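The values are calculated or read from the model by the stated rules, or taken from the named source; none is laboratory data. Owing to the predicted nature of the structure, the values given are computational and were not obtained by experimental measurement. Note that we place each Cβ from the backbone using ideal geometry, even for glycine, and neighbour counts take in every protein chain shown.
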Amino acid sequence: MPLRVLARLPIVLAAIAAGRASAAQPFALELRGGASVLAGPESLRVEYLGDNDSLGWATAPNGLPYDRWVTNGTKLFTRWPVAPPAWLPAESRLLLGWSLGQNIYTPRTAHLETVAELEGDRPYSGCLAGSFTADVVLPKSPLAFTSGGAPYTELGLEVSAGTQGPWSFAGLVQHTAHFAYLKLQGHDMPPIQGWGVAETAPGLTADLSAYAETSLASLEWKGPAFLSVLGSRPGLHWLAGGRLDAGSLLVAQSVSTTVLAGLLGDPLARRPARLPVAAFLYARAEGRHVGWNASIERPVVDGTVVAAREPWVGEVAVGAVLRLWVVEVGYSQVYRTNETASLPAPLRSGQLLGQWSLAVVF
């Protein structure tokens, strides 16, 4: 990759006011990351992404299967390609996008009402944020040890801003989702528990993230002739990535590796597809050093700091993506290790969540 390209890339990304960086499937939790560039060509993508702890098959240490720690995430995301600058290598792609998302966190159970009941657990917390994105996909992979295939490098930058604590409306959303059925039955909803008392203080947020991912190995087979109509080929990608997060919500550095296999699109969109189809499985592992996590360490509304972060966090996920023409669906199971160092020892366990996506891709 020419040095002048590397030198100019951060400048052009910043000038574009980039936001939510695209990542290989599956998405990292907290709505960090976008759709894989291996799902086929796109001129416009509109996507819904959600994750929820009720979709993890493992039971919590307290016997409750959900409403603990990372409780729910929701994001609406759109992305579209634009012409890349002339100084980028030929066949490069430039993708811009924006998103709006909300994350909800609770202690080990959503029935705790006071700060004293937390006993070192993370407080109730939430964030509501919008972001702008830019991603550059380059036809180069300096770390690849295979020849052929479709190796690539993806670089992204993210700028997001929003609100946290009570200003994120996380408590209202969770409470309504749980008890709105009572209104439909003609009954009153119970009062909100914990939120507004054992919840992180309100405030504005501003965050910046930089992201890179590159092929370590890329294999593909041309396959039968009819696959040219679909724009995809049987293949395998092994990717390595890194990410830096800095801001009011999260300060962290992470490295990841992802393996994807199946019927894959061209990451550089060089193959025409009259009827785009992609179908692949993936496995992803991430290790993260956390210097600040506002959903755990930020003082609650009375000014008290009630919990401490775990500085080292791991995450693994497996899942699948299926695209048929303009419709794309995905699902994964994600396991995250304990994030709260101040938890009592018997409660320091990981968490399993389900994550899904639904997109219309033109």
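Values for this structure:
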{"item": "Residues that are crowded, with 18+ Cβ neighbours inside 10 Å and either touching an Asp or Glu at 6+ places or on another chain (Cβ under 6 Å) or among the β-branched types (Val, Ile, Thr) (or both), drawn from region 136-146", "result": "VAL136, VAL137, PRO139"}
{"item": "Lone qualifier among LEU249, LEU244, LEU219 - being under 14 Å from the mean Cα position of the chain (by Cα) and of a type in the set (A, V, I, L, M, F, W, C)", "result": "LEU244"}
{"item": "Residue list for region 43-67, filter: in a strand (DSSP E or B), surrounded by fewer than 18 Cβ atoms within 10 Å (Cβ to Cβ) and at pLDDT 95 or above", "result": "VAL46"}
{"item": "Pick from region 253-287, criterion basic (Lys, Arg) and exposed (fewer than 15 other Cβ atoms within 10 Å of the Cβ), ranking: farthest from the chain's Cα centre (by Cα)", "result": "ARG274"}
{"item": "When residues of region 142-189 are limited to those that are part of a strand (DSSP E or B) and among the acidic types (Asp, Glu), the one nearest to the chain's Cα centre (by Cα)", "result": "GLU158"}
{"item": "Filter result for the condition that a residue is in contact (Cβ under 8 Å) with a residue 12 or more places away in the chain, under 24 Å from SER357 (Cα atoms) and assigned to a strand (DSSP E or B), over ALA246, ALA320, ALA252", "result": "ALA320"}
{"item": "Matching option when the condition is closer than 21 Å to GLU119 by Cα, of a type in the set (A, V, I, L, M) and either in contact with a Gly (Cβ under 9 Å, 6 or more places away or on another chain) or at pLDDT 90 or above (or both), among VAL329, VAL360, VAL305", "result": "VAL305"}
{"item": "Sole residue being in a strand (DSSP E or B) and at pLDDT 95 or above, chosen from ALA283, ALA279", "result": "ALA279"}
{"item": "Pairs, first under 19 Å from ARG288 (Cα atoms) and in a strand (DSSP E or B) in region 337-362, second at pLDDT below 85 and among the hydroxyl-bearing types (Ser, Thr, Tyr), C-beta under 9 Å, six or more apart", "result": "LEU353/SER54"}
{"item": "Out of VAL70, VAL136, sole residue that is in contact with a Phe, Trp or Tyr (Cβ under 7 Å, 6 or more places away or on another chain) and either of a type outside the set (A, V, I, L, M, F, W, C) or part of a strand (DSSP E or B) (or both)", "result": "VAL70"}
{"item": "Filter result (touching a Ser or Thr at 6+ places or on another chain (Cβ under 7 Å) and among the aliphatic types (A, V, I, L, M)) within region 129-155", "result": "ALA129, VAL136, VAL137, LEU138, LEU143, ALA144, ALA150"}
